[in-house]
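Report on one structure; see the data block that follows.
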Amino acid sequence: MSTIRFDGRVAIVTGAGGGLGRHYALELARRGAKVVVNDLGGSRDGTGHSDAALAVVEEIRAAGGEAMSNGGNVAEYAQMAEMVAKAKEAWGGVHILINNAGVLRDKTFAKMDPADFEFVVRVHLLGSAFATKACWETFREQNYGRVLMTASSSGLFGNFGQANYGAAKLGIAGLTKTLSLEGAKNDIRVNTIAPTAGTRMTEDLFPQAAFEAFSPDKVAPGALYLVSEDAPTNTILGAGAGAFQASYVTLTPGTLLTGDDLSPEGVAAHWDAITDRTDEIVPKTGAEQAMTIGKLLQGG
Ligand code: NAI
């Protein structure tokens, strides 16, 4: 196994004042990257402020690494643009972005305040889009960029009480798909990680033993690989407790309905064939789905 290093690379990790982001930042710096440690330093529900980012910068410096802190809010595009400008001014470029910042405002959908739906989508989905947009032109000019988005099993598969969070997280996985296509010609690779880790976000959900088994350092290797020189693109990686899994959006071959069958009753009658997963595929683009329809029309 050759060693993965980040010498000469500038990395931004959002929400790196604690939890997973802190581990990513420490490990990137240990492997040679100059790191912008971004964190607003709020509480789990996104209220308040603290110097969380500064403490991580001090840890990195104490270990001999290079880092700067940034207290910007990912949900404010202007603050993300300013963060990127400062990193470029100090270190001449930005090569890696890990969109990791996040908040929780869990409630069943029935009880959820629309404002809490909007806030969570804003921080996760718009925050990831804004931080990425702030770096995008630099990545294009450099013909190099690595972006890691953070989704969640709650978005990919659903979780009771997390309609706002789940919607944002699946949106983030969707953002990855189009950006990986648009970035390809400039060697910008975009991936998603869906972590499971014992952090303050999950401390009241995990029993103590699981909290320790799911320590953030067991997720970080997956994150670092996905922002490395030889990273793949357009992947969704599940990571927790040292287990790594790939997740896909798939498409069944389906069936073509005509005549009387082209009716709600026909859809009901052919439901088993429509949902039969034999020979399902993972389309690389939306256009690929259209091509499979074309094939069905040609009788194939
Ligand atoms: P965490 O709460 O320790 O870390 C999130 C960080 O984001 C905090 O330090 C917080 O201050 C920061 N932050 C929040 N809003 C911000 C904003 N507007 N601008 C800048 N920074 C902001 O939690 P954890 O677990 O480390 O979460 C990291 C990411 O992983 C999040 O996106 C989370 O949704 C995701 N995730 C975590 C899972 C887990 O099992 N811990 C499961 C699935 C996803």
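The values are calculated or read from the model by the stated rules, or taken from the named source; none is laboratory data. What you see is a predicted model; the values in this text were computed from it and never measured. Don't worry about glycine lacking a Cβ; one is built from the backbone with ideal geometry, like all the others, and counts go over all protein chains shown. Accessible surface is based on the protein model in full, side chains and every heavy atom, while ligands, DNA and RNA are left aside. Shrake-Rupley method; radii C 1.70, N 1.55, O 1.52, S 1.80 Å.
Key figures
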read-out	value
Reference-scaled alpha-carbon Rg (2.2 N^0.38 Å with N residues) for the chain	1.09
Neighbourhood charge, 15 Å Cβ-Cβ cut-off, centred on ALA63 and excluding it, Lys, Arg +1 and Asp, Glu -1	0
For ALA11, net neighbour charge (Lys/Arg +1, Asp/Glu -1) across residues whose Cβ lies under 9 Å away	+3
Surface accessible to a 1.4 Å probe, per residue, for the residues of the stretch 143-300, Å²	54
Partner lysines for LYS86 [C-alpha distance under 20 Å; skip if fewer than 8 residues away on the same chain]	LYS34, LYS133
Per-pair calculated FRET efficiency, R0 = 25 Å: ALA55 and PHE211 via Cβ, rounded to 0.05	0.75
Charge tally in the Cβ shell below 15 Å around LEU104, where Lys, Arg are +1 and Asp, Glu are -1, LEU104 excluded	0
Highest-fluctuation residue, GLU137, GLU76, GLU288 considered, GNM on the chain with Cα pairs under 10 Å	GLU288
Most fluctuating residue given options VAL94, VAL35, VAL249, as computed from a GNM of the chain linking Cα atoms under 10 Å	VAL249
The stretch 134-271 - percent relative contact order, Cα under 8 Å, separation 6 or more	22
Helical mean residue ellipticity (222 nm; -39500 (n - 2.57) per DSSP H run of 4+; nearest 500) of the chain	-12000 deg cm²/dmol
Most to least packed among 168-181, 62-75 [average Cβ atoms within 10 Å]	168-181, 62-75
Helix runs (DSSP H) in the chain reaching 20 Å along axis by Cα, Kyte-Doolittle at least -1.0	77-91, 127-142, 163-183
Relative contact order of the stretch 224-300, defined on C-alpha pairs under 8 angstrom at six or more residues apart (%)	27
Heavy atoms of THR278: accessible area, 1.4 Å probe, square angstrom to 10	90
Positive-pole candidate from LEU257, PHE244, VAL267, dipole of the stretch 187-291, charges at beta carbon	PHE244
Pairs from LYS177/LYS218; LYS88/LYS185; LYS88/LYS284; LYS111/LYS284 whose Cα-Cα separation, in the structure shown, is over 29 Å	LYS88/LYS284; LYS111/LYS284
